[in-house]
Amino acid sequence: MSRSAALLVLALALSACGTEAGGGEKQEITVWLMKDTATEEFVQKFEGEFEKDHADLDLKIQIQEWNGITQKVTSALASTDPPDVIEVGNTQVAQYVASKGVTDLSGKKSELQGDDWIPGLADPGAVDGKQFGVPFYAANRVVLYRTDLFEAAQVKPPRTRQEWLEATAKLDQGEQQGIYLPGQNWYTLSGFVWDEGGDLAEQDGGSWKGSLNTPEALAGMDFYKQLQALGDGPKDADESKPQQTDVVAGGKVAQFIAVPGAAKLVTKANPALEGKIGFFPIPGKTADKPGAVFTGGSDLIIPLASSRQDGAYEVVKALAGEKWQVELAKAMNYVPNRKSLAGSVGGDPGTAAMAQGAANGFATPNSPNWAAVEARNPIKEFQTAVLTGADPKTAAAKADEVITQALNSGK
């Protein structure tokens, strides 16, 4: 063997020894997070501390746009080299799991404190009894109210539905609206339906069927009708037509239902309302439990085709753990993924009210075809029909037909 060949063999041997001893290249872990999920400061801090705690991993966080993300994630799950961790909307998990490209994390649920997860994130992350999505963060609607108008009417934030109706009736005087509730706020209606023990659709074996024409859903709609009548909200539009924060900024609305951040939009449009907006959870049927709410937010999934499963799980474990959950909640006014962490956001009144409500959070029916329902949204049509005098059962049956057809399409 020549001297040069011997040196080459020696160099390769030393290189191999260095790799085994931990001196080789780090394993790169790619993470897709959605735009506006976290501040730039949070992302940088997480990257730095995670890599410090995991010297063998090189974290690459890439920010994605929501527009067009469904097709992008679907393509990534079908590829041979996808990103290792992906943030997805909690109601999208079932759709992605249907592609057979998502890792089953059921065996990690206990280690991740799964029994403490808020249901509105945990439930849609589970498909056929298996946990594919790990709860990341949540946000839900609360009641935003004019503290000065409540004081003038000598009413306090209600804790039950009946108290809510009574207080709102006292506030609905003259030009002042007791509540601004558009007729097609279907997320709020969903909460009333869930409170009654109903749902928007039910699964029976391998098929789905709409379930608005049930005593529970009709009772939820009846309460919605009573509440909506205590204001001047349109019966045939949702929160965007007109933009409800602009209506509230006019100064004649005592309450409205939205995420807490909507208060900033109101005070920006009308600075005179600064310091006059408070928050309370949507009231439930009894004082011991807040009303049910739709839980929006995100879960974390690991693509099955990722060859870096262990490293990917370490990222998920960290982001879903107490330290980073608390940091993210404080940075973004989110609800943490665990019920026991609700107290950690108590410093912000809007977030605190949101966290209380999240304990009774729900998600839309866990079908991969739910997006097809929302595309037409017969629930909104049902609401408008009832609010404008149609027979509730007839309107509900009509909506159920559309929901059933959409959820069973492709079978």
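The values are calculated or read from the model by the stated rules, or taken from the named source; none is laboratory data. Just so we're clear, the structure is a prediction, and the values are computed from it rather than from any experiment. Quick reminder, even Gly has a Cβ in these numbers, built from the backbone with ideal geometry, and neighbours come from all protein chains shown. Please note that ligands, DNA and RNA were not included when accessible areas were found on the heavy atoms of the full protein model with its side chains. Shrake-Rupley method; radii C 1.70, N 1.55, O 1.52, S 1.80 Å.
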In Å³ per residue, the alpha-carbon convex hull of the range 50-127 encloses 134
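Determine Rg/Rh for the range 60-216; Rg is computed over alpha-carbon atoms and Rh is the Kirkwood hydrodynamic estimate from the same atoms. Walk me through the numbers on the way to the answer.
On the way: Rg = 21.0 Å, Rh = 19.5 Å.
Radius of gyration over Kirkwood radius for the range 60-216 works out to 1.08.
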Helix-only mean residue ellipticity at 222 nm for the chain, each DSSP H run of n ≥ 4 adding -39500 (n - 2.57), per residue, nearest 500 = -12000 deg cm²/dmol
Alpha-carbon centroids, the range 321-347 and the range 174-209: separation in whole Å = 27
Tally up the carbon and sulfur contribution to the accessible surface of the range 182-270 as a whole percent, 1.4 Å probe, everything protein left in place.
-> 46
Mind checking the angle between helix 186-195 and the chain's longest principal axis? C-alpha axes, 0 to 90 degrees, to the nearest 10.
-> 90
Cα-based Rg and Dmax for the chain, in Å, come out at 24.7, 101
The range 131-150 and the range 268-287 have their Cα centres apart by a whole-number Å value of 12
May I ask for the angle, rounded to the nearest 10°, between helix 40-53 and the longest principal axis of the chain, with both axes built from Cα atoms and the value confined to 0 to 90°?
-> 40
Taking the inverse of the average 1/r across all pairs of different Cα atoms in the range 36-88, what Kirkwood radius in Å do you get?
-> 12.8
For the range 181-274, the Cα-Cα pair-distance distribution in 5 Å bins from 0, as whole percents, is 3, 13, 20, 19, 16, 12, 8, 6, 3, 1, 0, 0
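What is the local net charge at A94, summed over the other residues whose Cβ is closer than 13 Å to its Cβ (Lys, Arg +1; Asp, Glu -1)? Please report the intermediate quantities before stating the final value.
Values: positive: K100, K130; negative: D123, D128, D299.
Net of charged neighbours comes to -1.
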Cα point-scatterer Debye curve for the range 236-302, base-10 log of I(q)/I(0) at q = 0.19, 0.28 Å⁻¹ = -0.87, -1.24
Which distance in Å, rounded to a whole number, links the C-alpha centroids of the range 41-101 and the range 351-389?
-> 26
Within the set E401, E216, E151, GNM on the chain using Cα springs under 10 Å gives the largest fluctuation to E151
What list of whole percents do you get for P(r) of the range 320-398, with Cα-Cα distances grouped in 5 Å bins up to the one holding the largest distance?
-> 3, 14, 16, 11, 10, 12, 13, 11, 7, 3, 0
Solvent exposure of the chain as accessible area per residue, Å², 1.4 Å probe | 46
Lys and Arg at +1, Asp and Glu at -1: neighbours of G129 with Cβ under 12 Å from its Cβ sum to -1
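Round to the nearest 0.05 the FRET efficiency obtained for R376 and D53 when R0 = 45 Å and r is the Cβ-Cβ distance.
Numbers: r = 48 Å, r/R0 = 1.06.
It comes to 0.40.
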Protein-only accessible surface order, largest first, of S75, S344 at 1.4 Å | S75, S344
